[in-house]
1. Name the helices (runs of 4 or more DSSP H) wholly inside segment 96-178 in which the number of residues that are at pLDDT 90 or above and touching a Gly at 6+ places or on another chain (Cβ under 9 Å) is 2 or more.
2. Within segment 123-178, track down each residue that is crowded, with 19+ Cβ neighbours inside 10 Å, in contact (Cβ under 8 Å) with a residue 40 or more places away in the chain and of a type in the set (S, T, N, Q).
3. When you look at residue 101, is it closer than 17 Å to residue 71 by Cβ and surrounded by fewer than 24 Cβ atoms within 10 Å (Cβ to Cβ), yes or no?
4. When you look at residue 51, is it at pLDDT below 90 and in contact with a helix residue (DSSP H, G or I) (Cβ under 8 Å, 6 or more places away or on another chain), yes or no?
5. Take segment 134-152 and flag every residue that is out of contact with any Leu (no Cβ under 7 Å at 6 or more places or on another chain) and under 18 Å from residue 73 (Cβ atoms).
Amino acid sequence: DGASVGAADGAALGAAVVGDALGDALGDALGDALGAAVGGAVGSVVAGSCRQLQALSLASIEEVSDASVEALAAGCVELRALCLNGCERITDQALRALARGCANLRALHRFGCSRIGADGGRAIAEGCQQLASLDLTCSNAATDASLYALAEACGSTLRGLGAGGGKVSDAAVAALAG
């Protein structure tokens, strides 16, 4: 079922999102360590046993909540890539926690997270200034304010951005171009 996070998910995330940046860090250990971690406690389980974790996909796990992401942010400070696509319960609170706890985050994908707004987008831009890849598609975080904050804080590192389905002006896109 969609509740398991396996090595294939981690490898796909590493290859598709951050490529060579994570190198061999994902390996088989990701799947072995995470096993069948599910439910609202997923963040605590992962953070408690995988403190050196660098990449994680929790895509479409319905039980992932703000509390899950807060536990990840507090316990997995080495996190470089996180996929939260389809995690519909998370809000700006989760993004603020990531911004505080995961300053080295380079890839964040949260396609379809409609409860995340511009405040979460700004928090990530300000707290995770090494972002190279960010997907805001089909979320309420794809706004001019978020794009301006990204341009200011992450303009030199940002290489990929998804903002489809958002309310973004030509001027905000031009700000990203420098």
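The values are calculated or read from the model by the stated rules, or taken from the named source; none is laboratory data. In this text the structure is predicted, and so the values were computed from the model without any measurement. Cβ coordinates were reconstructed from backbone atoms using ideal geometry, including for glycine residues, and neighbour counts include every protein chain displayed.
1. 144-154
2. 133
3. Considered against the rule, which asks whether it is closer than 17 Å to residue 71 by Cβ and surrounded by fewer than 24 Cβ atoms within 10 Å (Cβ to Cβ), residue 101 comes out as yes.
4. Yes: the conditions hold for residue 51.
5. Result: 141, single match.
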